[in-house]
Every structure is written in C-alpha cells, then in structure tokens.
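Each remark here refers to the structure printed beneath this line.
The values are calculated or read from the model by the stated rules, or taken from the named source; none is laboratory data. Worth saying up front: this structure is predicted, and the values here are computed from it rather than measured. Because the Cβ atoms are built from the backbone with ideal geometry, glycine has one as well, and the counts that use them run over all protein chains shown. The area values use the complete protein model at the heavy-atom level, side chains included, leaving out ligands, DNA and RNA. Shrake-Rupley method; radii C 1.70, N 1.55, O 1.52, S 1.80 Å.
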Amino acid sequence: MTAPSSTIDQDRDATLDAFARGLAYTSRSPVLRAPSDEGLDYQDLTYPSADGVPLEAWFIPRTGSTRLIVAMHAFGFNRYGFPAHVEPWRSAFGPGNDTEIDFIRDYKILHEAGYNVLAFDFRNHGRSADANGGLSLNNLFEARDVIGTMRYLRERADLARMETGIFARCMGANATFRAIHTDPAAFEGVRCLVAPLLLSPRAFLETGLDSAGLGAYADEVDHRYHLITGARLTDGATSAWAPSVLMPTLTYGVHDDVLTRPSDLEEAYAAIGASEKDMFWIHDTPRRWDGYKWFQRHPGRILDWFAAYLK
C-alpha cells in the first residue's frame, strides 16, 4: 500500500530539516582516550581563542626536539578522534565509517619521529567551551580557534622558538585555510601544512541528498540553513580561502568517498596559492575513515613532507 502524499511530504520535510540543522550545529563527541594510553607523557592546556572562547588542548613534549606539529580535528570529532565504535556516533556517517578513529596513535608516530605535538578541541567540540549557540558558520568561528592557537604558541617562550608544521584534517584544514586568509601574520614561521580530506559543506550536502534520493533539494536545504545561521553553505567553499595558503601544502583524500565527490578536493587543491604543493588519492575504498586512518597505516609520505620543511 502506498503511503499518502502528505506523509511522504512530512517525511521529506523532516529529512531536509535534519540536513540543515546537522550542518548548522556542531555535535559534541566525548574524549575517550588520552596520550597516556599510548605511553605518551603530556600536559593539559587551556588558552583562549582569538575571540576569547576557552580551548582545551594536549601538549605532548619530545625531549630535545625543537620541531612542533599542531594537530586539528574534523567536524564532530575532537583531539582524541571519534568514537564511531559506539552509538550514537556509530551511525553518524554511514556504513563503513563505523569504527573508532584514534588520533593518539598518530601523535605517537609523530612523537617517535622527533616532533612535539599540540592537539586541541575546537569550540563546541570535545572539552572546549560552548560558544555561538553551538552554531558552525562555515568555519568562520573555528578559524578563530586556529588563530588563537597560533597566538598561544607565540606567547609561550618554549614553543615560539620551534619550527612549526600543521596537520589539520577536514574541518580543521578548512578552518586553517580561512584563518590564514583572515590573519596571515599569525602564521609567520609556519613551515608547512598537511591538510587531508578537505571538504566544502555544499559538496557534502549535495552528496548526502543524492544518496537519500533528494538531490533536487540542495537549494532548499541551503535556504533552511540560512534561516538558522544567516549564512550560506556556498560561502564555505574551501577553494575560496585556498589562494591565501602560501606555505608548502600536501593534501589527500579518498577518491570514491561516499560523503563527497573528487571534484571538490581537486578544485580546492588547484586554488591553493602555494608554489610548493602536492596531492594524492587513496583508491579502492569508499570509506572516508580510511582517509582518517591513512597516516597510521602509511605514515611515510606525510612524515617525508614534514621532514622536508622542518629541519
């Protein structure tokens, strides 16, 4: 028996609202692990974002090293990673993206390679403070967290002297691009950037709607997002900020990622202003999670990039 059209319309309306609100509001996942779980000594830090929001962070020191990697996480994640092995987070990003992401393993690889590591939670994520009513405004707010982090490094004498690189994934990378565009002086002395899994919010929306059989409604969801936030998803295109990124930059992504499309990352890469840049694809998987775990499984190319610019 076919459902009445009014029921279908109500279900569709609820789905469109869910897409709009899911993009407008950040989701907070728990910090389930600490660096000590991998045998790493660390310090708990707190410092202000550029607009004063308190941020929580870990500093993992490497004795004798004057090289530092600043690590940044994805939307809905935190400095530990993402607990996709348990509900409700297991269902958040679809089949295949339902195993735990543990970035602390990444920090251990970096530490063993001779780097100090600083990893922080963006506002409304992990244990950092609530701000902006929980809104995510196309990385505008999160860019302030990146700038605040860079200012903290300059104000701390032992860290200000270090050769610094950035390892920022997805939202963290997008926010870094926008932060560089907003305040390039804050990044003076940053030697290089690794920015995997770049993802524009409009591309994410369109891919998700296509998967739900609602591809014709992207403009409607963007309109609903606008009514919640006052912003447009199209304002968040990664390629808009990429020309300001002049430091050597490496990016990579999962070519058949079901959450996006290759052209979005390719457009962002083409727009990066750096004369020294590189990109590669991860093939033979549709799972974005394989991109998040790539460094743990195949660290060589990323470590080589850092080693080339952090002497």
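Points to keep in mind about this one:
- Whichever lysines have a C-alpha closer than 21 Å to that of LYS277, once near sequence neighbours (fewer than 8 apart) are set aside: LYS311
- Listed by chain and number, the lysines whose C-alpha is less than 16 Å from the C-alpha of LYS108, apart from same-chain residues fewer than 8 away, are LYS293.
- Using θ = phi - 60° and Karplus 6.51 cos²θ - 1.76 cosθ + 1.60, couplings along the stretch 58-64 (whole Hz; Gly, Pro as x): 10, 10, 10, x, 10, 4, x
- Segment ARG90-GLU188, extension gain: residue separation times 0.36 nm, minus the distance between their alpha carbons: 31.4 nm
- Here the spin labels are modelled as points 7 Å beyond Cα on the Cα-Cβ line, and at ASP219 and ALA307 they lie 5.2 nm apart.
- The candidates PHE103, PHE280, arranged from most to least accessible area with a 1.4 Å probe in the full protein assembly, appear as PHE280, PHE103.
- Within the accessible surface of the stretch 52-203, defined with a 1.4 Å probe on protein heavy atoms only, the carbon and sulfur portion equals 51 percent.
- Mean residue ellipticity at 222 nm, helices only, the chain: -11000 deg cm²/dmol; runs of at least 4 DSSP H residues each add -39,500 (n - 2.57), and the sum is divided by the number of residues.
- Cα long-axis angle, helix 171-182 against the chain (0 to 90 degrees, to the nearest 10): 70
- For the chain, the longest principal axis of the alpha carbon atoms and the long axis of helix 218-229 meet at an angle near 60°.
- TRP89 - accessible surface, heavy atoms, 1.4 Å probe, Å² rounded to 10: 60
- The chain, relative contact order [Cα under 8 Å, separation at least 6], %: 18
- Residue-normalised accessible area of the chain, expressed per residue, 1.4 Å probe, Å²: 41
- Note on ASP41: accessible area approximately 120 square angstrom, rounded to 10, probe 1.4 Å, nucleic acids and ligands left out.
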